[in-house]
1. Is it the case, given these coordinates, that F29 is modelled with pLDDT under 95 and open to solvent by less than 40 Å² (accessible area, probe 1.4 Å)?
2. When the stretch 43-58 is examined, which residues are found to be open to solvent by 10 Å² or more (accessible area, probe 1.4 Å) and in a strand (DSSP E or B)?
3. Is there a residue in the stretch 84-95 that is within 20 Å of G26 (Cβ to Cβ), open to solvent by 20 Å² or more (accessible area, probe 1.4 Å) and not aromatic (F, W, Y)?
4. Do any residues in the stretch 3-16 that are in contact (Cβ under 8 Å) with a residue 40 or more places away in the chain have Cβ atoms under 9 Å from those of residues that are open to solvent by 60 Å² or more (accessible area, probe 1.4 Å) and of a type outside the set (S, T, N, Q), where the two are at least six apart or on different chains, and which pairs are they?
5. Please indicate, with yes or no, whether at least one residue in the stretch 23-33 is hydroxyl-bearing (S, T, Y) and within 19 Å of P107 (Cβ to Cβ).
6. Of the residues that sit in the stretch 32-42 and are touching a strand residue (DSSP E or B) at 6+ places or on another chain (Cβ under 9 Å) and of a type outside the set (V, I, T), which one is most open to solvent (accessible area, probe 1.4 Å)?
7. Identify, from the list W114, W36, the residue that is touching a Cys at 6+ places or on another chain (Cβ under 9 Å), modelled with pLDDT of 95 or more and either hydroxyl-bearing (S, T, Y) or under 14 Å from G9 (Cβ atoms) (or both).
8. Only residues that are farther than 15 Å from L18 by Cα, open to solvent by less than 10 Å² (accessible area, probe 1.4 Å), of a type in the set (A, V, I, L, M, F, W, C) and in a strand (DSSP E or B): list them for the stretch 97-124, please.
Amino acid sequence: QVQLVESGGGLVQAGVSLRLSCAASGRTFSGYVVGWFRQAPGKERESVAAVSWLGGRTYYADSVKGRFTISRDTAKRTVYLQMNSLKPEDTAIYYCAAGAGLRLGAPKGEYDYWGQGTQVTVSS
């Protein structure tokens, strides 16, 4: 079993930065992919970024390439999402998810574990 806890969300103005954290506990993460997803009101949950626990390979959705950076600290068992140049359209609940043996860019249905989410609101 894996537990995921997100933190770092908040209300910010457009153009600033935020860093989200996803702290993991439970079984070993070897072979896992950890992803960030977001869900805006009235929209489907969409993939934002993902990182492989071993090797640190990354994936980004086109909408965040060049602005967001995903990273992981294996010693702290934490995955980060650095979000720069935030836009109002980035407003959403951001979720961390983990799954074993996934390809980067795997859809949300293939992830096994989810956090409770953290709200990010970007005002114009």
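1. The answer is yes for F29.
2. Once the filter is applied, which keeps residues that are open to solvent by 10 Å² or more (accessible area, probe 1.4 Å) and in a strand (DSSP E or B), the stretch 43-58 yields E46, S47, T58.
3. no
4. Listed by first residue and then by second, the contacts come to L4/W114; G8/R19; A14/K87; G15/K87.
5. Yes: one or more hits.
6. Here the answer is P41.
7. It is W36.
8. A97, A98
The values are calculated or read from the model by the stated rules, or taken from the named source; none is laboratory data. The structure displayed is predicted, hence computed values, not measured ones. Note that we place each Cβ from the backbone using ideal geometry, even for glycine, and neighbour counts take in every protein chain shown. SASA here: full protein model, heavy atoms, side chains in, ligands and nucleic acids out. Shrake-Rupley method; radii C 1.70, N 1.55, O 1.52, S 1.80 Å.
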